[in-house]
Amino acid sequence: MTTRRKGARLSPETLGFTFDGRSYSAQVGDTAASALLAAGVRAMGRSVKYRRLRGVMTAGPEEPNALLTVGAKPANVPNVPATQLKLRDGLVLESQNRWPTLRFDLTALLKLGSAYFGAGFYYKTFIWPKWRFWEGLIRRLAGLGAAPGRSDLPAPSYEHTHCDVLVAGAGAAGLAAALAAARTGASVVLAEREPSVGGELEFETARVEGRSAGEWTCAALGELTRLGARVLTDTTLVAGSTGEMVLHTEPAGMPGSARLMKVRPQALVLATGAVERFMAFVDNDRPGVFLLGAAERYLARYGVAVGQRIVLFANHDRVYAAAARLAAGGLQIVAIVDTRVSGAVDAQSREIAADFAARGTLCLAGHAVFAALGGDAVTGALIGPTDGSAAAQTVRCDAIAVSGGWGPAIHAAVQEGGLKRYDETVSAFVAHDASQWRITAGSANGAMQLGVVLKQGVEAGVAAAKHAGHRGPLAAVPAASGDPAPHLEAYWRAPADERQEKNQFVDPQNDVTVADLRATLAEGFIDIEHVKRYTALGFGTDQAKLGGQLGAAIVAELRGETVPAVGTSRLRPPFHPVTLRSIAGHRFGAYLRPARVTPLHDWHVANGAVMEAMGLWMRPRFYLANGGNPTDAGIVEAGRVRTKGGIVDGSTLGKIEVAGPDAAAFLDAMYLSKASTIKVGRSKYMVNLREDGIVLDDGIVLRMAEDRFLATVSTGHADHMLSHFEHYRETEWSAARITLTDVTDAWAVIVVAGPESRAVLTSVLGSPWHDALAGLRHMDVTAGQHEGHDVTVLRASFSGELAFELHCRPVLAVGLWEALVGAGLAPYGLEALDILRLEKGYLVSSEMDGQTTPIDLGMGSLVALGNPCVGRALLDRPAFHESHRGRLVGVRSTDGKSPFLGGAQLTQDAVSAVPVGYITSSAYSPALGEWIGLALVARAVPEGNMLYVRDPLRGGDTTVKVVSPVHYDPKSERMKS
Amino acid sequence: MKGPMPHYSALALLRARFQGAGFWKPLWTGRTLQDAYDVVVVGAGGHGLATAYHLARDYGLKVAVLERRLVGYGNVGRNTTIVRSNYLLPENHYFYEDSLRRWEKLSSVLNYNVMYSPRGVVDLCLNDGDMIAAARRGNAMRLAGIDSELMELEALERFAPELATRGNRRFPIVGALVQRRGGTVRHDAVAWGYARAATAFGADIIENCDVQGLRTEAGVVIGVETTRGFVKANRVLFATAGHTGMVGTMIGLPLPIETHLLQAMVTEPIKPLINSVLIYGHPGHGETYILQSDRGGIVMGGHLDGFPSYTREGQWHRLEDVVQGAVDMLPQIGGLRILRQWAGTNDMTMDGSPIMDRIKYDNVFLNAGWCYGGFKTIPASGAACAQLVATGTAPDIARGFRLSRFATGHMLDERGDGPFPVRL
Amino acid sequence: MSRLICPFCGPRELREFEFHKTLPNAGHTPFEQVYLRVDSLTLSVEHWQHIAGCRAWLHIERNPSTGEVLVCRLARSEGVS
């Protein structure tokens, strides 16, 4: 247990939490990592493949090892980085990848096999007896934390906003950029991943504009606020491309109350900083090995010493200043191991080193840590000269802090074709971006000295504001002093023999070692993209932030090539992991998609309708008063239409008004038969073709006036049909005088069907309509008024009965509907509608499935008319005229009673594997007292033939006879009566 | 298997342990490009490699596979790893079933574990109309001897208990068409396994070699022009997937193909939750297919991005559609994070079915137009296409994939979408 | 590419628009018009509709390798599709 020092982020209040069943206390402001470290807990998890004990290594989202499960099943949240998780009182935390406990882990027996589990191991074995035999076990061993059983996340909020300049990252560069942009008058949004702004300034000893870095940060924040800039903390830039960026705010450091924001900036400044890099040495994954920056953060923010006796290992000058700060915090610096030869070390650093050496610290230039020693935690370090000139020595320590330089966070900058280039001075890839609207600044751009960082920030802010149309005086660059260049020299791994390379970890989360990289190259996986895929390097939750560049550099070494020649594998969005829930927002469950409802919807629901989704529409399927299930109720409702009458809500019917002097000619081109021959006040059933000759839709076209038509289209096709018409109007017909108006929602439609329909409709509409309705012939249209609103009545039938389509303004719908009900006509739903149309052999979408031609559907005579409409030319292709193509027929069971179902296949004998057709839809017909169906059957099969119904999925094989598709009232005497 | 490649087995792993470095050999690299070949295959994706393997193994031909970039860098390594044969049209389901039967044996045939996992493919149905369409397809499959089950809600809940089938759903789930033998295959392993096996039978796989044109002599193709010079070839096969439209332009043959982007994404890994492949289409541009990889990540995808693109950068709004469907099916995964999103370039034909045919010249062939369904057919495609190239005649199960079908009207329009690759 | 500039509505999010088809310049028979495409890495000529906006049909020319929009104008100005 280490002693807690004063930490900047902590308040004196305490809270309690448990980890693996033990209770711990923490201070408000602690992360799980800082609190556990403060409590002396080193081991926080095990690795996936080799089950090696692991501790926390970083202080940021790149943490590869210390991933915890928060909360108990079923509402457990897996894989939360301990470094990000802000503790609340009572949190229950568990380590992952161990069974039964972290310390006593039986699965750690897997370690015994580690000699065999190298890269590509899975591809070479488990072939016998078959993969499926092993897969269950392997899946259970893989996979980090347990699957959540339930999600209790609060609803995320969603926000859309605009600004002139979006700045990602509020470290020195980001603050400077935001300030410079805001001073020109540009509106600025500044997003910072951490809970507070400042970034590295928090630990900076250098002075800015004569003030401490902390004071400058406060002043900058204050001025930004006064200038109206919006500063968002706990907020990451997760995705986006030119013009639209996505920000994600997640204050708890774990899935929880979150906000997704879409920002449409005119210009973007990426000041996302750099991620400290790791170096490879033997057992560099042992609990007690940290990144140097993490050791500093834990001390400065949380007052936690990551160890009592610490070895620092780095390849740059920054380590000396860090050593001084850590020592000032009370840590004993056992050794400073610098990979550079002493000549490369800056004079100021040498002075610090001399001070440390005087106090007993081992200061070694040209040396590296070869190995971390110890068991479950670091107890020492093996340190030797990088050139092998002398023997390695062992020092006792309880922590090793490593810094291999910094990798600029260029993830967002290399999207959308952004390029990267290798910058030798920082031994890292930086964005090389010619984009006008996106500017990278600060350490994200390879700048490592505060003065340069601030300058780049200011310049980026001014340039971004200018791009957004705001010109201002070139802002002064804040002067910064006391921050020397790091003089970094690339160093990636300590010397090791090949056997030891098995323990030089490159990507700790996926247990990728130097040995894996060597083996992978030996098998011919040379390109870094192949290496990535073969080893899973960089596939972890840290998105390759920790080990990606290290792995690529070691591949370069093993290939004998330069780091830029090898490159790095392609970075993929999102730039930062983002939860599914935040992306989905409220769009799931009941709110997955909006519902379209008719003016009669509330009436249906209030009167016992069981509603069904049809596309986005909601329609009554049946009414509970007529039966407890759709089949029973449908039979009752359909039967009543034939004996007496009924009403159905047809408002979802698509309605497109086509008007103008060229409307008739236009519709002639859109439909298989001609609209121009329809007389005013008449209507016609018509069919559209797709460009390839396949039936697209059918409907009735009404001619309301010489130059005005109402084209009705199927509910499910309405949106597409409107676009289809508009496309032709805007292209081939662009010179014509036509308007197209979607009037679907302007008219409610009540279908009044049945022998009593005329009488009831007349009584409801009243005497002004008496003569018009009395004289209305089949397919006649009449328009008038009711209660001061427009009403159109079309006499047409999809039920085979005398029937009228009453098109009324929505305001009239409920009143008319209730009046019709009051006059004795009961409502019916889709189930009955389907029975009625099936009895008459009318088409629905199961017949118009995008695969049938008008000839298939019995409309060959219309094709023969030769109207040169859209799709007509391609109907002449030979395949459409072959005898095995289907034609629409009716089917009835040969025994007059056996049921059969839509989707059953039809064959010519009981065993054939080759269907000659299939049943498109079926129902029990109350009018005929038996099951009837429609089918598409090869033209070669004549009417009267018997076919075998083959329905192995549902059982119920039977035989049917091919009959006319019109099962009921074949001469249509009833509807024409 | 002949050649120097060590046989893969648990025993070999043991031997490698003691023999140390040098035991394992490069799978395909290190071959040099020769001057002349019986067949030049353009494109080292799944189809090109599988075809090369069969040409070399079954017909003893001298084959080169010329690849512009890397083995398996295109769609074979970018798809969502799903294999199935649950197709409606006989021209499709017999072919895809041939492929599924080859998947069942492929790991032993190639001596490379491609991790065929017959965990079941579940097509969710949202209403009676869906159930009827599913029954039509499933019954057609069953008559053809292909496994298929239509599950009502209760059976589906037993099969995939993780699904949110109850509660306040915008679109109720009423059942599903299930193919138990369908499942997943480790995608990269397919490319690597075929590349290794083809190499063992003498094929030369040459990466970073871009084919830039055909050389003809008296109207006959005699070889290909490449960035590494001219290569003589008696026959040329293009298996170029997302760049097939470019091949058409290069040889002056307009093709019924548009090139579209399809994206996929994966979350952080978790312990097993989803034990089958769930496919969910719903009104309002919704489509999500989802599965859990053996590594534990939740992998998902959906519709095409919606317009021609070679950028390999998916649109965020399409990702939203996919994720909405995923959270709707499985609200419990809402707290998981997307780690990576990627995209592949798809050669979309005007009926959604592939083209495997001779094109323009007697000795030039095309195996392409697999749309977004190409991965699952790789084993069958390799065998059938090798027969076409070697003998000049495709096997019966691939006869439907002729290029001329669009002109004659014999389209294989499985979904009835017509000549519009992105009809939503 | 996350926006298109509609001639009527100005810059709008891509999701408001729906791609319809690429325009063939492969020939003018109905078969060629409906089925055949000429592919290019640098130029894609397309019809789109501003479906969730003003519903204008647009003639768009883009570079499909970069997403850069080269031309975006009303389709009706060209007469034929």
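Bear in mind these aren't lab numbers, they're just calculated from the coordinates by the rules spelled out. None of the values given here were measured: they were computed from a predicted structure. When we count neighbours, we look across all protein chains shown, and the Cβ atoms used for this are built from the backbone with ideal geometry, even at glycine.
Just to confirm a number: summing +1 for Lys and Arg and -1 for Asp and Glu over residues other than residue A:190 whose beta-carbon lies under 15 angstrom from that of residue A:190, what do you get? Write out the running numbers ahead of the final one.
Values: positive: A:183, A:193, A:226, A:230; negative: A:164, A:192, A:194, A:223, A:234.
With Lys, Arg at +1 and Asp, Glu at -1, the net is -1.
Quick check: the distance between the Cα centres of the range B:158-181 and the range B:206-270, to the nearest angstrom?
If you average the Cα positions of each part, the centres end up 42 Å apart.
Work out from phi, with θ = phi - 60° and the Karplus expression 6.51 cos²θ - 1.76 cosθ + 1.60, the ³J(HN,Hα) of each residue of the range B:82-94, listed in order in whole Hz, and give x for Gly and Pro.
Working through the residues one at a time gives 7, 10, 6, 9, 8, 9, 7, 6, x, 4, 8, 5, 5 Hz.
Please list, in chain and number order, the residues 5+ apart from residue A:276 or on another chain whose amide H is under 5 Å from its amide H, with Hs placed from the backbone.
A:407
Which peptide among A:49-55, A:319-325 comes first, and what is the full order, when sorted by highest mean count of other Cβ atoms within 10 Å? Please list the in-between numbers first.
On the way: A:49-55: 23.3, A:319-325: 21.4.
Ranked from most to least packed, the peptides come out as A:49-55, A:319-325.
Report, in cubic angstrom per residue, the convex hull volume of the C-alpha atoms of chain B. Could you put the intermediate results ahead of the total?
Details: hull volume 61.5 nm³, N = 424.
About 145 Å³ per residue, rounded to a whole number.
Mind ranking A:696-706, A:528-538 by how tightly packed they are, going by the mean number of other C-beta atoms within 10 angstrom, highest first? Show your work: numbers first, answer last.
Values: A:696-706: 20.6, A:528-538: 23.8.
My ranking of the peptides, most packed first, is A:528-538, A:696-706.
Give me the distance in nm between label points sitting 7 Å out from Cα along the Cα-to-Cβ direction at residue A:894 and residue B:393, one decimal.
Simple spin-label model gives 3.8 nm for this pair.
Students often forget the sequence filter, so: which lysines lie under 21 Å Cα-Cα from residue A:655 once same-chain residues fewer than 8 apart are removed?
In chain and number order, the partners are A:674, A:679, A:684.
Can you tell me the relative contact order of chain A? Whole percent, Cα pairs under 8 Å, sequence separation 6 or more.
Values: 2282 pairs, mean separation 86.5, N = 977.
The normalised contact order for chain A reaches 9 percent.
Rule-of-thumb check for the range B:206-335: C-alpha Rg over 2.2 N^0.38 Å?
That ratio works out to 1.49.
Whole-Hz Karplus ³J(HN,Hα) for the range A:633-648, in order, using 6.51 cos²θ - 1.76 cosθ + 1.60 and θ = phi - 60°, x for Gly and Pro?
5, x, 5, 5, 5, 5, x, 5, 4, 6, 8, 10, x, x, 10, 9
Percent antiparallel among DSSP beta bridges with both residues in the protein assembly as shown, to the nearest 5?
Close to 75 percent.
Determine by what factor the alpha-carbon radius of gyration of the protein assembly as shown differs from 2.2 N^0.38 Å, reporting the quotient. Before the final figure, lay out the partial values.
Numbers: Rg = 35.0 Å, N = 1482, 2.2 N^0.38 = 35.3 Å.
This ratio for the protein assembly as shown stands at 0.99.
Consider just the alpha-carbon atoms of the range A:14-141 and return their Rg together with their Dmax, both in angstrom.
Rg and Dmax of the range A:14-141, Cα atoms, are 16.8, 56 Å.
Which distance in Å, rounded to a whole number, links the C-alpha centroids of the range A:749-765 and the range A:83-145?
Their Cα centres are 71 Å away from one another.
Could you give the alpha-carbon Rg of the range A:882-976 over 2.2 N^0.38 Å, rounded to two decimals? The partial results should precede the final answer.
Numbers: Rg = 13.0 Å, N = 95, 2.2 N^0.38 = 12.4 Å.
That works out to 1.05 for the range A:882-976.
Once you sort the root eigenvalues of the Cα gyration tensor of the range A:300-382 as a ≥ b ≥ c, which label holds: rounded (a/c under 1.5), prolate (a/b larger than b/c) or oblate (the other case)? Intermediate results must be reported in sequence, preceding the final value.
On the way: a/c = 1.93, a/b = 1.22, b/c = 1.58.
Oblate is the answer for the range A:300-382, as a/c is 1.5 or above yet b/c matches or exceeds a/b.
Amide H neighbours of residue B:204 under 5 Å, counting only residues 5+ apart in sequence or on other chains, H built in-plane at 1.01 Å?
For residue B:204, the qualifying residues are B:63, B:64, B:65.
From the residues A:219, A:429, A:38, which one has its Cα farthest along the dipole of the protein assembly as shown in the positive direction, the dipole being from +1 and -1 charges on Cβ of Lys/Arg and Asp/Glu about the Cα centre?
It is A:38.
Across peptide C:10-23, how many C-beta atoms of other chains are within 10 Å of each residue C-beta, on average? Each step should come with its number before you reach the end.
Working: counts 0, 2, 0, 7, 10, 8, 1, 2, 7, 12, 7, 11, 6, 1.
The per-residue average across the peptide is 5.
Debye sum, Cα scatterers, the range A:654-746, no solvent: what log₁₀ I/I(0) at q = 0.18, 0.22, 0.23 1/Å?
These q points yield log10 I(q)/I(0) values of -0.72, -1.13, -1.25.
I want the local charge near residue B:278. Using Cβ-Cβ distances under 12 Å, sum +1 for each Lys or Arg and -1 for each Asp or Glu among the other residues. Before the final figure, lay out the partial values.
Details: positive: B:119; negative: B:123, B:162, B:287, B:328.
Charge balance in the 12 Å sphere: -3.
Kindly rank B:121-127, B:10-16, B:400-406, A:945-951 from highest to lowest mean number of other beta carbons found within 10 Å of each residue. Walk me through the numbers on the way to the answer.
On the way: B:121-127: 24.1, B:10-16: 14.6, B:400-406: 19.3, A:945-951: 20.9.
Packing proxy ranking, top to bottom: B:121-127, A:945-951, B:400-406, B:10-16.
What do you get for Rg/Rh over chain C if you use C-alpha atoms and the Kirkwood form of Rh? Don't jump to the answer; show the numbers that get you there.
Working: Rg = 12.7 Å, Rh = 13.1 Å.
Here the Rg-to-Rh quotient is 0.97.
Please identify the trypsin sites (Lys or Arg not before Pro) of the range A:581-674 that satisfy two criteria: DSSP loop assignment and at most 16 other Cβ atoms within 10 Å. Which are they?
Counting only loop positions with at most 16 other Cβ atoms within 10 Å, the trypsin sites (Lys or Arg not before Pro) in the range A:581-674 are A:644.
Pull up the cross-link candidates among the aspartates and glutamates for residue A:961, meaning alpha carbon to alpha carbon under 15 Å and not fewer than 8 places away within one chain.
Of all the aspartates and glutamates, those that pass the test against residue A:961 - Cα under 15 Å, at least 8 places apart if same chain - are A:895, A:909, A:930, A:943.
List the equivalent ellipsoid semi-axes of the range A:234-273 in whole Å, largest first, each obtained as the square root of 5λ for an eigenvalue λ of the Cα gyration tensor.
Listed largest to smallest, the semi-axes of the range A:234-273 are 21, 12, 7 Å.
Residue-wise, which Karplus ³J(HN,Hα) couplings in Hz belong to the range A:724-731, taking 6.51 cos²θ - 1.76 cosθ + 1.60, θ = phi - 60°, and x for glycine or proline?
My calculation for the range A:724-731 gives 4, 4, 4, 4, 5, 4, 8, 10 Hz in order.
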